[in-house]
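To start, the structure itself, in structure tokens.
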Amino acid sequence: MDWFSLAVVNTFSLQSGSCGNCYYYESGGVRLLFDAGIPFRRACERMAVYGIEPAEFHGLFISHDHSDHTACAGVFHRKLKVPIFCSRDTHEVMHRRLGKVCSSVFQYFTPGEAVTVGHVRVETIPTPHDAANPCAFIVDDGHYRVGILTDLGHCFPALCAALADLDVAFLESNYDRDLLDRNPGYPEHLKSRIRGRHGHLENLESAEMVRDHASERLRILLLSHLSQDNNSPGIALKTARRVLARQRHIDVQVAPRDGVSMHVNRDALRQRAGVQLTLDCFA
């Protein structure tokens, strides 16, 4: 039995962008959601695209307190009866928008710690984003490692190290520098915040980080958290594919701002491994 037959990862983004974020993850019966910045009804509709019912979930992880990641967390909890995993600081900032949620449902972690849910290990990485003790996530079922890496501020050592050991990455590619610089609707202080060390990753910065730090283990890269006003899927994809032209083992796609991403499962990963084997034959 090969290791592909043992791996059961199933993941996709329900929405990824400056207007709302939510990611689905499943492995071996453990079902998790990451962030809850979209309406619950919309989340259910988008899970249904891949035949998934909003049945038993085992946890909702929140990366940070900004509303595009937390606006509907209270509703998600009440509908799904799931514990909410987040930092204590994140809870303190977001609690007013949660509605009726008993404090006992929260399970706190300090960014940098790992949380285990069944056989799934969720590693948390502190990020320099301008939020209350924010983090990114690496989800590991013992076979595949999936990174949910957005709202990153800038390229930092722990992020580079994480990229070297991932099979799948949802990676922030938030804005195009020229579009942001020319955007007349954004005041300079907001542009500086986005470009700054506590803001977001730009398309080229994100792609170069993958080129310089990802290993041949990385099979699928989903460009995520695209700005509605200062980016486009076409620009982000063109930039990443140009920079990563030599990394032919990586399937580069965009996680849409207004719909589900590609369905990353065992078959998709097996296909990418087949591409790498073919390339190796001609190396």
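Below, the figures for the structure above:
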quantity: Scan of region 22-41 for residues that are in a strand (DSSP E or B) and either among the hydroxyl-bearing types (S, T, Y) or at pLDDT below 95 (or both), ordered by number; calculated: Y23, Y24, Y25, S27
quantity: Residue list for region 160-187, filter: among the aliphatic types (A, V, I, L, M), farther than 27 Å from D267 by Cα and in contact with a strand residue (DSSP E or B) (Cβ under 9 Å, 6 or more places away or on another chain); calculated: L180
quantity: Residues located in region 150-198, provided they are crowded, with 16+ Cβ neighbours inside 10 Å and in contact (Cβ under 8 Å) with a residue 60 or more places away in the chain; calculated: T150, D151, D167, V168, F170, S173, N174, D176, H198
quantity: Tally, over region 100-140, of residues that are outside any strand (DSSP E or B), within 17 Å of the chain's Cα centre (by Cα) and within 28 Å of G29 (Cβ to Cβ); calculated: 1
quantity: Count of residues meeting criterion [outside any helix (DSSP H, G or I) and of a type outside the set (A, V, I, L, M)] in region 90-99; calculated: 1
quantity: Members of region 70-89 found to be in a helix (DSSP H, G or I) and not basic (K, R), listed by number; calculated: T70, A73, G74, V75, F76, H77, L80, D89
quantity: Count - residues of region 141-190 that are over 15 Å from the mean Cα position of the chain (by Cα) and part of a helix (DSSP H, G or I); calculated: 13
quantity: Count of residues meeting criterion [surrounded by 21 or more Cβ atoms within 10 Å (Cβ to Cβ) and small (G, A, S)] in region 43-70; calculated: 3
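Let's see how each residue does on (1) modelled with pLDDT of 95 or more; (2) over 30 Å from N203 (Cβ atoms):
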residue: C72; (1), (2): yes, no
residue: I84; (1), (2): yes, yes
residue: H95; (1), (2): no, yes
residue: S103; (1), (2): no, yes
residue: E113; (1), (2): yes, yes
residue: E123; (1), (2): yes, no
residue: F137; (1), (2): yes, no
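The values are calculated or read from the model by the stated rules, or taken from the named source; none is laboratory data. Just so it is clear, the structure is predicted and the values come from calculations on it, not from any experiment. Methodologically, a virtual Cβ is constructed for each residue, glycine included, from the backbone with ideal geometry; neighbour enumeration extends over all protein chains shown.
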